[in-house]
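Before any comments, here is the structure.
Each value in this text was obtained by applying a stated rule to the coordinates, not by laboratory testing. No experiment lies behind these values; they were computed from the predicted model shown. No Cβ is skipped: glycine too gets one built from the backbone with ideal geometry, and neighbour counts run over all protein chains shown.
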Amino acid sequence: MIKLLKDFSKKDIFFILISAFLIVGQVWLELKMPDYMSSITRLVQTEGSSMADIMEQGAYMLACAFGSLVSAICVGYLASHVSSSFSMNLRRKIFDKVEKFGTEEIKKFSTSSLITRTTNDVTQIEMLIGMGLQLLIKAPIMAVWAITKILDKSIEWSTLVAVCVVILLMTIGVIMIIVMPRFSKVQKLIDRVNGVIRENLSGIRVIRAFNAENYQTNRFEQVNHNLTSMQLFNQRCFAVLMPIMNIVMNGLTLGIYFIGAILIEKAMMGDKLVIFSNMVVFTSYGMQVIMSFLMLAMIFMMLPRASVSAKRINEVLEEKIAIQDGTFDGETEEIGTVEFKNVSFKYPDADEYLLKNISFKVNKGETIAFIGSTGSGKSTLINLVPRFYDATDGEVLVDGINVKEYKQEALHNKMGYVPQKAVMFTGSVKENVAYGDNGKEITEEEIIKAVEVAQGKEFVEKMEHKYDSHIARGGTNVSGGQKQRLAIARAIARDPEIYIFDDSFSALDYKTDATLRRELKKYTKNATSMIVAQRIGTIINADKIIVLDKGECVGMGTHQELLKSCDVYKEIALSQLSKEELENA
């Protein structure tokens, strides 16, 4: 928690200091009112007192009350400003950190958990700061100040107040011991609820198609019930606090009057008025002491959950990034080359290597393709180029420079990447195609040309607003093939040195696939293309084809060469095309 509080800006610290000053003034005004009440009590009981004197003391009390009100309003405004500003900066900090996460870190924190940490956990801290700035400063000052005011009044009354305070502290301590461990479970349960809801929304079509609504409802009911049960237990524990607080406060008042009655009865006639006046003042100060601890109790109710949230946020902020930026961002002698030198790779939590001793080089203007059975490591291999993962052994070179030496921005600006699953963002067709920053502005003419090359012109121009037509989040208002063509257009619009297609033609029909590849070959003749594919027809004309089997390179060459030299490739080819089609290819 303390680590996060170091992120306060100078402006926030200034506001906190002003708030502290105003709170001190507010406490002084509130503790001054019992003195005027005592004066009014003496004036009322004293013969010959004028109404003007009583009204004067009453006016002072009203002035103190009004001053305390103004101070409280100002502190409330400043506290809300500080807490909102802090939470805004904290959310930005978490977002920026997550943006730097590689695939390894993203897998460590689930998506639903990262959403909870950025929203609910930050809100818990915001609430603590907003309330704490007002109560955490005010409560100790008021308690100490009020205690110093009553210490010399009566040992009996002081002892009674001390007993009440001890009872409150013991109650708060027991509740904290019981509830504190459960707050971390609450946040994890919120993660699970978010995860189930997110999965339900993203898979709604499959759920309906398989009549799995009841199954999903039961899953949600289970996690929702677990969260509700945990929250109910916590709230019931805290609910015990308020009745005890009321019993203590009312008991204190009764105790003060009971002790006061005994003291007045035993006192001499001249001292009775003084004792009665002190009793009235002590009642007010005693209540101020109890109210101070009540305010602290409110903070203690919020502190455990905020502490758990702060720990969860720190886990994200302190997570070490596996993919570190290099320093190179300059010009290279080679352009458009990709080379693997004895590259092996295994996932951080895996025992066996997924890729083993892969070596090849592709030059500018060439097309290299990767094919193999499911799980052979094709996508993993191609993901080493943009550094979604780093090679465990060996080197991956782009333009003759190890990818680890590049600044990631410079490395990614050399590439046009089309993922296995086409991703669309909320916005227009134009915004999706021109997405990202590769160091230059993409013109509308370039966007139209990219869509045309990607064979998307026909369906885009049929849309109501054409290139300004809206694309929903995830591209839910376009088909899979349309999403794939827009994703390809996005890569083309960047005009990169290196194109990476990770099984990016799978949703296209054979005719569109063939036309797109033909147009793409013309448009990208000066660029390097790296293609992962399942279809032989997609890669049949590649300059070089690498066949992977269980993470190993078992064949490398052109289509015709591999048909003669590689049994794995021949088996894949014959499963898709006839001998006549292969011979005529």
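Taking the range 94-193, which trypsin sites (Lys or Arg not before Pro) meet the DSSP loop condition and have no more than 14 other C-beta atoms within 10 Å?
Details: sites: 97, 100, 107, 108, 117, 138, 149, 153, 182, 185, 188, 192; in loops: 100, 153.
Listed in order of number, the matching sites are 100.
How many angstrom lie between the Cα centre of the range 264-338 and the Cα centre of the range 468-521?
After rounding, the separation between the Cα centres reads 52 Å.
Against the longest alpha carbon principal axis of the chain, how many degrees, from 0 to 90 and to the nearest 10, is the axis of helix 213-266 turned?
Result, in degrees: 20.
Among 199, 30, which comes first, second and so on when ranked by fewest other beta-carbon atoms within 10 Å? Write down the numbers at each step before the final one.
Numbers: 199 16, 30 22.
Neighbour counts put them in this order, fewest first: 199, 30.
Go through 258, 222, 210 and say which Cα lies farthest out towards the positive end of the charge dipole of the range 2-317; charges sit on Cβ, +1 for Lys and Arg, -1 for Asp and Glu.
210
I need the GluC sites (Glu not before Pro) found in the range 509-568, filtered to DSSP loop residues with at most 10 other beta carbons within 10 Å of theirs.
Filter output for the range 509-568: empty list.
Give me the extension gain from residue 359 to residue 18: residue separation times 0.36 nm, minus the current Cα-Cα distance, reported in nm with one decimal.
116.2 nm
Within 10 Å of each residue's Cβ, count the other Cβ atoms and sort 229, 68, 529 from fewest upward.
Lowest count first: 229, 68, 529.
Go through 414/521; 320/414; 364/466; 107/544; 341/550; 457/525 and tell me which ones have a Cα-Cα distance over 24 Å in this structure.
320/414; 364/466; 107/544
Mind checking the angle between helix 120-150 and the chain's longest principal axis? C-alpha axes, 0 to 90 degrees, to the nearest 10.
Roughly 20 degrees, rounded to the nearest 10.
For the chain, build the charge dipole from Cβ charges (+1 Lys, Arg; -1 Asp, Glu) around the Cα centre, then report which of 293, 410, 242 sits farthest towards its positive end.
Value: 242.
Give the percent of DSSP beta bridges with both residues in the range 389-517 that are antiparallel, rounded to the nearest 5. Intermediate results must be reported in sequence, preceding the final value.
On the way: 4 of 8 bridges.
If I count the DSSP bridges inside the range 389-517, around 50 percent turn out antiparallel.
By count of other Cβ within 10 Å, fewest leading, how are 227, 508, 17 ordered?
Details: 227 19, 508 23, 17 11.
With the sparsest Cβ surroundings first, the list reads 17, 227, 508.
Taking loop as defined by DSSP and a crowding limit of 15 other beta carbons within 10 Å, which chymotrypsin sites (Phe, Trp or Tyr not before Pro) in the range 406-446 fit?
Hits after loop and neighbour filter: 425.
Pull up the DSSP beta bridges for the chain and report the antiparallel fraction as a percent, rounded to 5.
50
How high is the relative contact order of the range 107-216? Use alpha-carbon pairs under 8 Å, at least six apart in sequence, and give a whole percent.
54
For the chain, what does the relative contact order come out to in percent, with C-alpha contacts under 8 Å and a separation of six or more?
Numbers: 810 pairs, mean separation 81.9, N = 585.
That works out to 14 percent.
Pairs of Cα atoms under 8 Å, at least six residues apart: use those to get the relative contact order of the range 2-317, whole percent.
Contact order relative to length: 31 percent.
Using only the Cα atoms of the range 2-317, what semi-axes does the equivalent ellipsoid have when each is the square root of 5 times a gyration tensor eigenvalue? Give whole Å, largest first.
The three semi-axes for the range 2-317 are 51, 23, 15 Å.
Simple spin-label model, 7 Å along Cα-to-Cβ: residue 210 to residue 84 in nm?
Result: 4.6 nm between the two label points.
Using the alpha carbon gyration tensor of the chain, what are the three equivalent-ellipsoid semi-axes (square root of 5 times each eigenvalue), largest first, in whole Å?
74, 24, 22
Quick check: the angle from helix 51-99's long axis to the longest principal axis of the chain, C-alpha only, nearest 10 degrees?
20
Which values, in whole Å and largest first, are the semi-axes of the equivalent ellipsoid of the range 8-103 obtained as the square root of 5 times each eigenvalue of the Cα gyration tensor?
Working: eigenvalues 494, 16, 15 Å².
Semi-axes, largest first: 50, 9, 9 Å.
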